[in-house]
Amino acid sequence: MIETQNLSVRLAHTEAVRDVSLRFEPGRFYGLVGPNGSGKTTLLRALAGLVAPSAGEVQIDDRALSSLSLSGRAARIGYLPQTRSISWDLTVREIVQLGAQRFRDAEARADAALNEVGLSAVAHRRVFSLSGGQTARVLLARLLATACPILLLDEPLTALDPAWQRQGLGVLKAAAARGHVVIASLHDLGLAAAFCDSVYVMHDGRVAGFGTPEQVFTPPLLAEVFHLNGGFRASDDGPALHLAAHPVSSLTSLSDHYS
Amino acid sequence: MKIWIILALSAALLLVLLMGMGEVALSPADYAEALRAPGSLAGDILWQIRLPRNLCALLVGAMLGVAGAVAQGYFRNPLAEPGLMGVSGGAGLGAAIAIVLGLGLMPGAVEGFALLFAGGVSLIILAFVSRFPDRQALILLGVGLSSLTGALMALVFNLSPSPVTTAEILGWMMGSVENRSWTDAAMAAGGLLLAALMLWRVGPGLRLLTLGEDTARSQGVDLRQLAALSVVAISVLAGLAVAVSGVIGFVGLAAPHLVRGLGVRDPYRLIAPSGLAGGVMVLLADGAVRLLPTSTDIRLGVLTSLIGAPLFALLAWKSAKEWVQG
């Protein structure tokens, strides 16, 4: 379990995360959604211990994150950053093995993770020869190979095609089902609604909503936070999130919408 | 065959071959005498002149190759080289000051001054890195320190008492392993040993840096420690290399690329073969210097730069193409 109490993070002169109290349980897949600049990345980096809070703290299983050693953190928290830069042209297997390097059977673990993201066939290839989407899957496999109980992912779906966005979320859901805490920042609200057990909505560094996707994605919240018209509707497969093609363009149209 | 075995064999072969090259032509009987009686004239030539010179070439090349591999790995930049941090410039400045002060003929004085100044620059870098373990900031600091040592070097030339002194500094700056002693070779070997001790445990960190600093930190890499170990090792090697042999350009840049071209991409596994490749390159260049039929000896550093500069341009060209397509 990982939680924050009144967490604030200051970056340069702006408070990117403000007074946020959250709680993430094992066995659940959490979506972290919010517009650009709402504080998702900073929150994830604070949860990973990569940026120090200006107030409050992060706790893992009732221990302060700041009290854990670097290796203690590394054994508990796996983090997939948003930037996907790879400096050297290692093989796919070597990259994934980096995730498992604290284990003796790193190679076997790397192969299992590659299998999970459907890249066993390219394990021996050089990573620079892969497409952007395949590279994103290699890095996801690197994260899975860490076998950390808590997995944090910053926009893991970027560069993935629609089929693999769903497959990737399926992999994360499966990881949650195995008992991991999985927290991923996502931009696609429809996918977040379809795959996540719970959703935190960030807005201006604060939590603007928390609950199951159905509880959270209400028309007023979608309009206020995302400037989108939409909400849950019944469909053949049960309730699903529907979003209008055009954003709410201004406050006038917002008030029109509700008048 | 493993790459490092090929490189080690090449280095050993060159070391033996170059024992047969020098100003004095030796007959087979001379070699036999040198082996039988190390104190004889032939023995002196072989054991006190040629072997220290060849060992210095090998060890200086190895220092530059290792420092280059660590610099490229730590800075995650294929264009990084040992001189990047300004330590080589500091060592050059120290040597120039020693020569201007008239200490050129005092044994060990030029080397001592070079080491002293390299150490000074290293301390500035270490103080900086302990507060800001950030590679971009370090590169900026390196550019600043290099400019400063360059400016001070210009001042030394400016205030140089005579054209002879200026020529002496210039000659030293051009790099050479001629007339090197066992002390020089021991200094180089000591530097390599020290660097090996420092670099012993940077493997996981350098490898994980391949995926960026956030990933490395999240997997338990102490970036401050990694920065300190890498930067100090680079400084020790670059400073000592200049102290032993003057400025020998481009070996530190090119050796890691040579090894990468042979298929080793792992930034840690690259280090040792890169050292061997550097040694082979400087031995080859020093052999070429002895073979070239010029009336004035071509200096070793001039030759490595002449070969290295076009290589650097080619690398920059290839990188630029990748960035533009990127």
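Key figures
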item: Among the candidates A:Thr83, A:Thr4, residue that is within 14 Å of another protein chain (Cβ to nearest Cβ) and among the polar types (S, T, N, Q); result: A:Thr83
item: Selection within region A:18-42 - at pLDDT 95 or above and of a type in the set (A, V, I, L, M, F, W, C); result: A:Phe24, A:Phe29, A:Leu32, A:Val33
item: Boolean, B:Pro82 is of a type outside the set (Lys, Arg) and under 15 Å from the mean Cα position of the chain (by Cα); result: yes
item: One residue from B:Val24, B:Val16 being open to solvent by 30 Å² or more (accessible area, probe 1.4 Å), over 30 Å from B:Tyr268 (Cβ atoms) and part of a helix (DSSP H, G or I); result: B:Val16
item: Within region A:114-136, considering residues that are assigned to a helix (DSSP H, G or I) and within 14 Å of chain B (Cβ to nearest Cβ), the one most open to solvent (accessible area, probe 1.4 Å); result: A:Phe128
item: Subset tally (residues that are surrounded by 16 or more Cβ atoms within 10 Å (Cβ to Cβ) and not in a loop (DSSP other than H, G, I, E, B)) for region B:291-309; result: 8
item: Residue match in region B:252-262 (condition: more than 22 Å from B:Gly102 (Cα to Cα), of a type in the set (Lys, Arg) and either open to solvent by 40 Å² or more (accessible area, probe 1.4 Å) or in contact with a Pro (Cβ under 9 Å, 6 or more places away or on another chain) (or both)); result: yes
item: Candidates A:Leu139, A:Leu151, A:Leu143, A:Leu98, filtered to the one that is in contact with a His (Cβ under 6 Å, 6 or more places away or on another chain), open to solvent by less than 60 Å² (accessible area, probe 1.4 Å), within 12 Å of chain B (Cβ to nearest Cβ) and outside any loop (DSSP other than H, G, I, E, B); result: A:Leu151
item: Failed item, numbered, when B:Val264 is tested on (1) away from chain A (no Cβ under 12 Å); (2) assigned to a loop (DSSP other than H, G, I, E, B); result: (1)
item: Whichever residue in region A:48-74 is within 28 Å of B:Arg265 (Cα to Cα) and surrounded by 17 or more Cβ atoms within 10 Å (Cβ to Cβ) and, among such residues, is farthest from the other protein chains (Cβ to nearest Cβ); result: A:Leu50
item: Failed condition for A:Leu90, given (1) away from chain B (no Cβ under 12 Å); (2) in contact with a helix residue (DSSP H, G or I) (Cβ under 9 Å, 6 or more places away or on another chain); result: (1)
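This table checks each residue for (1) open to solvent by 80 Å² or more (accessible area, probe 1.4 Å); (2) part of a helix (DSSP H, G or I); (3) more than 28 Å from B:Leu223 (Cα to Cα).
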site	(1), (2), (3)
B:Ile139	no, yes, no
B:Leu148	yes, yes, no
B:Pro161	yes, no, yes
B:Gly171	no, yes, yes
B:Val177	no, no, yes
B:Met187	no, yes, yes
B:Leu193	yes, yes, no
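The values are calculated or read from the model by the stated rules, or taken from the named source; none is laboratory data. Just so we're clear, the structure is a prediction, and the values are computed from it rather than from any experiment. Reconstructed Cβ throughout: ideal geometry from the backbone, glycine too, with neighbour counts over all protein chains shown. Each accessible area value is taken on the protein alone, full model and side chains, heavy atoms only, with ligands, DNA and RNA left out. Shrake-Rupley method; radii C 1.70, N 1.55, O 1.52, S 1.80 Å.
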